[in-house]
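Beneath this line is the structure, given in structure tokens, with notes to follow.
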Amino acid sequence: MHLVIQSAALAEDDVRELAQLAHARRVERLGPGACRLIDAEQRAGIAEYCARNELDFGFVPETQTLAGMRLLAIDMDSTLITIECIDEIADMAGVKAEVSAITAAAMSGAIDYAESLRQRVGLLRGLNEEALARVYDERLRLSPGAAAMLAAMQRAGVKTLLVSGGFSFFTERLQARLGFDYGIANVIEIEDGRLSGRVIGNIVDAAAKAAKLRAIRDQLGIARDRIIAIGDGANDLAMLAEAGVSIAYHAKPVVRSKAGYALDYVGLDGVLNLFA
């Protein structure tokens, strides 16, 4: 196993201390904010040291290579992008506080996702549809390292799936812009140029995200251990469970505790360092 350590700026003192703790054979620098400790042992004290010093860490099998991966599934809101789109739409309707509170409860797993979406979309009733374009143009930003991570995946021949419990208005634009192979999201209903307060069709919840991943996996004949999934909220857990490599990105505690890896301090390009 190799131990990958990452942070915004990785100090040499931290590298030396962790190399000793892990009885690593040698250190391989991956960049200013990352290193790989070769032939590291999973010993007591490593997790605690990293927590104290705000370092992301992960034990990576030497056989876990990007060339061996075939499918990446990634959540949109607060993962691929920095915002929750529905909260920003709600801001334009003057109900951001109410909607954000429901979003937070849903992402932590405190309330059912489908019911939370119905409540939130209902609060948007009557808003001019132009608000969607304003959120995309004025507020939507990719998470740090997102473009670099996706480009590397695509160069390696990895198929990419964008999943969202949010809205297709945003996923479709990101899919075209970033070259995603597949996508799934909710369709928000618009009547006479205004949001009706309803979603069209079945709601994309945790089960739907996982089902979409499985459908593509089966269609392409991909083994579970060749799938990467990245998410941040409780409604991503079922999808993460379908992947051989599951990554919690700046995620809620319930997600960090169940994912194979957690990235709390670095950008999405830090995903690339988790492959030997």
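A short reminder: the numbers here are calculations on the coordinates, not readings from a lab. Keep in mind the model is a prediction, meaning the values are calculated, not measured. Reconstructed Cβ throughout: ideal geometry from the backbone, glycine too, with neighbour counts over all protein chains shown.
How far apart, in nanometres, would the label points at A8 and D218 be if each is projected 7 angstrom from Cα along the Cα-to-Cβ direction?
Placing both labels 7 Å beyond Cα along the Cβ direction yields 4.5 nm.
With point charges of +1 on the Cβ of Lys and Arg and -1 on the Cβ of Asp and Glu, referenced to the Cα centre of region 65-276, which listed residue (I200, L237, M107) lies farthest in the positive direction of the dipole?
My answer, from the dipole projection, is L237.
Any idea how far the Cα center of region 72-121 sits from the one of region 1-38, in Å?
Centre-to-centre (Cα) distance: 36 Å.
Along each of its three principal axes, how wide is the spread of alpha-carbon positions in region 186-261, in whole angstrom units, largest first?
47, 33, 15
Can you give the Rg to Rh ratio for region 70-123, taking only C-alpha atoms and Rh from Kirkwood?
Using Cα coordinates only, the ratio equals 1.03.
Which of the lysines could a cross-linker span from K96 if the Cα-Cα distance has to be under 21 Å and same-chain partners fewer than 8 positions apart are dropped?
List returned: K252.
Two-decimal Rg/Rh of region 65-276 from alpha-carbon positions, Kirkwood Rh? Walk me through the intermediate numbers first.
Numbers: Rg = 16.4 Å, Rh = 17.2 Å.
On the Cα set of region 65-276, Rg over Rh gives 0.96.
Mean 1/r over all different Cα pairs, inverted: what Kirkwood radius does region 1-62 give, in Å?
Numbers: mean 1/r = 0.0903 Å⁻¹.
About 11.1 Å for region 1-62.
What is the log10 of I(q)/I(0) for region 153-222, computed with the Debye formula using one identical point scatterer on each Cα and no solvent, at q = 0.27 Å⁻¹?
-1.22
Just the ratio, please: alpha-carbon radius of gyration of region 1-134 over 2.2 N^0.38 Å, N its number of residues. Before the final figure, lay out each step's value.
Values: Rg = 21.4 Å, N = 134, 2.2 N^0.38 = 14.1 Å.
Against the compact-globule rule of thumb, the ratio is 1.51.
Kyte-Doolittle mean at least -0.5 and Cα extent at least 20 Å along the axis: which DSSP H helices of the chain qualify?
Numbers: long enough: 206-220 (22 Å, -0.06).
Result, helices passing both filters: 206-220.
Region 21-94: which GluC sites (Glu not before Pro) are DSSP loop and have at most 12 other beta-carbon atoms within 10 angstrom? Kindly include the intermediate steps, with their values, before the conclusion.
Values: sites: E28, E41, E48, E54, E62, E84, E88; in loops: E41, E54, E62, E84.
Taking region 21-94 and a limit of 12 other Cβ atoms within 10 Å, the loop GluC sites (Glu not before Pro) found are E54, E62.
Can you list residues from other chains, or at least 5 along the same chain, whose modelled amide H is less than 5 Å from the amide H of R194?
Amide H to amide H, under 5 Å and 5 or more residues apart or across chains, R194 pairs with E129.
Return the FRET efficiency for the residue pair T63, N202: r is the Cβ-Cβ distance, R0 is 41 Å, and the value is rounded to the nearest 0.05. List each step's numbers first, then the result.
Details: r = 38 Å, r/R0 = 0.94.
For R0 = 41 Å, the calculated efficiency reads 0.60.
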